[in-house]
Amino acid sequence: MSDQNSAPVDLIVIGAGMAGMAAALLAVNRGLTVAQVGSSAEIIFASGLLDLLGVHPIATGRIWRDPWAAVDALRRDLPRHPYARLSKADIQGAFTEFCAFLADAGLPYWIDPGRNSPVLTSLGTFKLTYALPASMQPGVAARAAGRRCLIVAIKGLKGFSAPQMAASLAASWPHLRAATVAFPGAQGGEVYPEKMARAMELPAAIEDLAAAIRPHLDGAEVVGLPSILGVGGCRAVAAALSTALERPVFEIPSIPPSVPGLRLKEACEQHLPRKGVRLFLEQRVTEVQPLGDGGFALQVAGRPGFQTRLTCRSLLMATGRFLGAGLRAERGRIRETLLDLPVFQPQDRRQWHRRDFLDSRGHPVNQAGIATDRHFRPLATTGRPAFRQLFAAGAILAHQDWMRMKCGSGLALATALGAVRACRRALAGTLD
Ligand SMILES: Cc1cc2nc3c(=O)[nH]c(=O)nc-3n(C[C@H](O)[C@H](O)[C@H](O)COP(=O)(O)OP(=O)(O)OC[C@H]3O[C@@H](n4cnc5c(N)ncnc54)[C@H](O)[C@@H]3O)c2cc1C
């Protein structure tokens, strides 16, 4: 089967991770015609927390409660970091626009504008993040106020032990207790977060879970649970369980693949097409051909027997690093997989990693990626933009280690904004 599109779209986004989804959204919001190709499967591995910047510098592991002060420090210290190409207003604007989209899609997020918020994790630790699912916010408030809290684990759910969390938190959250209950209808053995979350969208399951929790309440003012409170209908499920228990409930992110990640994936997949994005999911771009007019022709293939050729006036690569397959590590060098663009990388393979896996400075290979000009246009070996109408965003960019700096989603959203804005100007012929 083949599907030839005739008119070129303004922009094709390659990649359906956080950066690709954000780029597609920001582009349609600015009136561009957009097609997007990729798989959004990686998103479910993310926790659902949208980090802005939590750690800088990596070597000392300094943790910042104020992400904007951290961004200031980073811009001073690391002028090649992608954040240094964006103003704070840009970064903030990208979060605001993406979170507004998620709220419209039924997935509200909560931000404390001047601060990273400590979110309780299933390890009994706190992770600082910037934007968090609204379903997790009552936990942040309860901990700040030292409220009496009951953490409820589910029998058979791996990686979530309420007694272990209570033991780890005994010093920092004195009025915290633990209970473990069976999930309504579970037959024993292992239970799975996605199945439970979908089951929770039935009113009977909410009432049955509330009934299982009630005997353990014993004066608890707030109840924390693993993230299993619905997928598409999570807001209504959390509200109904709070009503049934007569106190706020909050969710705790658990090990991947995660339900908050799944919610993000489904919200983007369902609502971007409604906004006009032509989405080619579970497809890959197998070939990119630059056209004489500055645009590109792409060969797209995926399901057996399906292929199509798409054309566009400009192209945005949000293909990720090694996990997304935007970069590939070969024996002697790291390659960019689509156009074989130059990759900023250590000169010699022996320099990719430091001797000690846990070296506090991180590993040079984790800063590898595509170097761009200030308009997020990938550079050729000449140091000039490789193509006038080619842009890049997200993890594929060089000079950042999002995992250690705790800036994964923020980097994706903010650089998507920078790239889309430049793309729009390039299409209008006003980009220098
Ligand atoms: C386990 C895990 C936990 C995380 N936790 C957090 C967290 O707590 N907070 C946070 O802020 N961030 C977190 N992140 C990071 C965040 O989710 C994103 O991974 C990061 O922002 C990078 O996004 P990206 O879109 O640039 O790349 P990726 O997510 O890697 O996406 C790249 C996309 O490009 C596609 N692609 C590549 N080549 C092609 C091709 N030829 N044709 C079509 N498509 C192609 C891939 O299929 C994929 O869809 C986490 C990530 C992981 C993996």
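The values are calculated or read from the model by the stated rules, or taken from the named source; none is laboratory data. Being a predicted model, the structure only gives us computed values, none of them experimental. Here the Cβ positions follow ideal geometry from the backbone for every residue, glycine too, while neighbour counts run over all protein chains shown. Surface accessibility is based on the protein's heavy atoms, side chains included, excluding ligands, DNA and RNA. Shrake-Rupley method; radii C 1.70, N 1.55, O 1.52, S 1.80 Å.
Quick notes
- Members of region 281-298 found to be under 16 Å from Leu339 (Cα atoms) and within 10 Å of the ligand (Cβ to nearest atom), listed by number: Arg284, Val285, Thr286, Glu287, Val288, Leu298
- Note on region 135-181: among residues that are within 16 Å of the ligand (Cβ to nearest atom) and among the hydrophobic types (A, V, I, L, M, F, W, C), the one that is farthest from the chain's Cα centre (by Cα) is Val140.
- If you go through region 378-395 and pick out every residue that is over 14 Å from the mean Cα position of the chain (by Cα) and open to solvent by less than 20 Å² (accessible area, probe 1.4 Å), you end up with 5.
- Restricted to region 122-131, and to residues there that are over 17 Å from the mean Cα position of the chain (by Cα) and open to solvent by less than 20 Å² (accessible area, probe 1.4 Å), the residue that is farthest from the ligand (Cβ to nearest atom) is Gly124.
- Matching residues, region 30-72, being in a strand (DSSP E or B), hydrophobic (A, V, I, L, M, F, W, C) and over 11 Å from the mean Cα position of the chain (by Cα): Val34, Ala35, Val37, Val55, Ile63
- Count of residues meeting criterion [surrounded by fewer than 16 Cβ atoms within 10 Å (Cβ to Cβ) and either touching a His at 6+ places or on another chain (Cβ under 9 Å) or in a helix (DSSP H, G or I) (or both)] in region 98-121: 3
- The condition of being more than 25 Å from Gly261 (Cβ to Cβ) and not polar (S, T, N, Q) holds for only one of Ala220, Ala153, Ala197, Ala142, that being Ala220.
- Within region 236-257, the set of residues being of a type in the set (Gly, Ala, Ser) and either within 16 Å of the ligand (Cβ to nearest atom) or crowded, with 24+ Cβ neighbours inside 10 Å (or both) comprises Ala238, Ser254.
- When we screen Arg214, Arg263, Arg274 for residues that are touching a residue at least 24 places away in the same chain (Cβ under 8 Å), among the basic types (Lys, Arg) and away from the ligand (no atom under 14 Å from the Cβ), the only hit is Arg214.
- Any hit, region 310-320, residues being modelled with pLDDT of 95 or more, more than 25 Å from the chain's Cα centre (by Cα), open to solvent by less than 10 Å² (accessible area, probe 1.4 Å) and away from the ligand (no atom under 13 Å from the Cβ): yes
Condition check ((1) free of Cβ contacts under 8 Å to residues at least 60 places away in the same chain; (2) over 22 Å from Ala16 (Cα atoms); (3) touching a strand residue (DSSP E or B) at 6+ places or on another chain (Cβ under 6 Å)) across all residues:
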| position | (1), (2), (3) |
| --- | --- |
| Gln351 | yes, yes, no |
| Leu358 | yes, yes, no |
| Pro364 | yes, yes, no |
| Ala368 | yes, no, yes |
| Asp373 | yes, yes, yes |
| Thr382 | yes, yes, no |
| Ala398 | no, no, yes |
| Arg424 | no, no, no |
| Ala428 | yes, yes, no |
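- Residue within region 354-372 that is of a type outside the set (S, T, N, Q), touching a Gly at 6+ places or on another chain (Cβ under 8 Å), within 12 Å of the ligand (Cβ to nearest atom) and on the phi > 0 side of the Ramachandran plot present: no
- Within region 92-117, residues that are among the basic types (Lys, Arg) sit with their Cβ atoms under 7 Å from residues that are open to solvent by 20 Å² or more (accessible area, probe 1.4 Å), at 6+ positions apart or across chains, in these pairs: Arg115/Arg65; Arg115/Asp66.
- In region 28-65, the residues that are surrounded by fewer than 23 Cβ atoms within 10 Å (Cβ to Cβ), closer than 18 Å to Ala94 by Cα and among the charged types (D, E, K, R): Arg30
- In this structure, Ala412 does not qualify as buried (at least 24 other Cβ atoms within 10 Å of the Cβ), assigned to a helix (DSSP H, G or I) and in contact with a Phe, Trp or Tyr (Cβ under 6 Å, 6 or more places away or on another chain).
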